[in-house]
Amino acid sequence: MKRKFPPIVVKDDRGRILKTLKDERNYEIIRCLNCNKKFKTLKCQKRKFCSRACYFIFLKKKAKRIKNKCLFCKKVFYDFKKRKFCSKKCYINALKNGYVIKEAKSLKEYKCLYCGKIFKDWRERKFCSWQCYLQGIKKYPYLASNWKNKVQVFVCKVCGKEFKSREERFYCSRECYLKSFSSTLEEKIKNLLDLLKIDYIQQWRYRRWVVDFYLPYFKLIIECDGDYWHSKPETISKDKKRDEFFISLGYRILRLKEHEIKYKIDKCKEKILEKIGVN
């Protein structure tokens, strides 16, 4: 077996990886058997043709096509090797109708519990289709995949609302789930808005965007930006695109930074009141 050399890793002074270079000793230059063109390839691949097209052209020149007959549609077709079916559709239809093939040797007959139709399959099934399964569960609930789990009443951790579910859940909806991830910055702004007695929606979703706070009466969006995360060039470009999108729809945007919320909460209060129009 030919030896395979690892790629060459280029690092900087701090030891960070800048780029990896392929070792040329793993490659060799070969001539294509069909077009006689030189091409580069890995030694372990053992290629003889530069492309798939050259491979098939070479086969047409050298190899002879074999006459085959499809077992399902009885169509006569030619190929370079012996085949039982002319296409994938015929192969699938043959499996359904129980033709003796390697994969279809264990086909057995089953009766659908809902519509009573007899069908063939190689695994044990109670229903012939997904529609019959959905209707059959209503009659036979113990045949459902999660029938062992009884319907239980749970209480949402965020809004305190009671809801029913078969599986253990902590939140009644996606909105409550997103609210549970609110940061310490958002909690401070939330307390501030509660003191000012302003109606707001936390983690408001509009199309693919999720906003920290939305004041529907004033059509104002408030964002709490962390100093580290929102100083990156990628996040700055994303924030600009989002701001342009909401401004085009007629919304106003107020961005409050981390150091302002933590140490200058009165300044944040003044900014909110200015945007609202209250002096």
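The values are calculated or read from the model by the stated rules, or taken from the named source; none is laboratory data. Predicted model only: the values in this text are computed from it and were never measured. Glycine gets a Cβ as well: all are built from the backbone with ideal geometry, and neighbour counts include every protein chain shown.
Looking at (1) in a helix (DSSP H, G or I); (2) surrounded by fewer than 16 Cβ atoms within 10 Å (Cβ to Cβ); (3) of a type outside the set (Lys, Arg); (4) more than 30 Å from the chain's Cα centre (by Cα), find the lone condition where ASP243 falls short.
Of the numbered conditions (1) in a helix (DSSP H, G or I); (2) surrounded by fewer than 16 Cβ atoms within 10 Å (Cβ to Cβ); (3) of a type outside the set (Lys, Arg); (4) more than 30 Å from the chain's Cα centre (by Cα), the odd one out for ASP243 is (4).
For the range 53-91: of the residues being under 37 Å from the mean Cα position of the chain (by Cα) and among the small types (Gly, Ala, Ser), which is surrounded by the most Cβ atoms within 10 Å (Cβ to Cβ)?
SER87
For every residue, the table says whether it meets (1) at pLDDT 85 or above; (2) over 28 Å from TRP122 (Cα atoms).
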| residue | (1), (2) |
| --- | --- |
| LEU18 | no, yes |
| ILE29 | yes, yes |
| CYS54 | yes, yes |
| ASP79 | no, yes |
| LYS89 | yes, no |
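Count, please, the residues in the range 214-228 that happen to be among the hydrophobic types (A, V, I, L, M, F, W, C), in contact with a Phe, Trp or Tyr (Cβ under 9 Å, 6 or more places away or on another chain) and either in a loop (DSSP other than H, G, I, E, B) or at pLDDT 90 or above (or both).
Qualifying residue count for the region: 4.
So GLU109 clears everything in (1) acidic (Asp, Glu); (2) surrounded by 11 or more Cβ atoms within 10 Å (Cβ to Cβ); (3) at pLDDT 85 or above except one condition, right? Which one?
(2)
Name, by its number, the condition in (1) in contact with a strand residue (DSSP E or B) (Cβ under 9 Å, 6 or more places away or on another chain); (2) surrounded by 13 or more Cβ atoms within 10 Å (Cβ to Cβ); (3) modelled with pLDDT of 80 or more that does not hold for ALA94.
(1)
Taking only the range 206-231 into account, find how many residues are loosely packed, with under 11 Cβ neighbours inside 10 Å and within 19 Å of GLU260 (Cα to Cα).
2
Quick one: which residue in SER183, SER231 is in contact with a Cys (Cβ under 9 Å, 6 or more places away or on another chain) and modelled with pLDDT under 90?
Result of the check over SER183, SER231: SER183.
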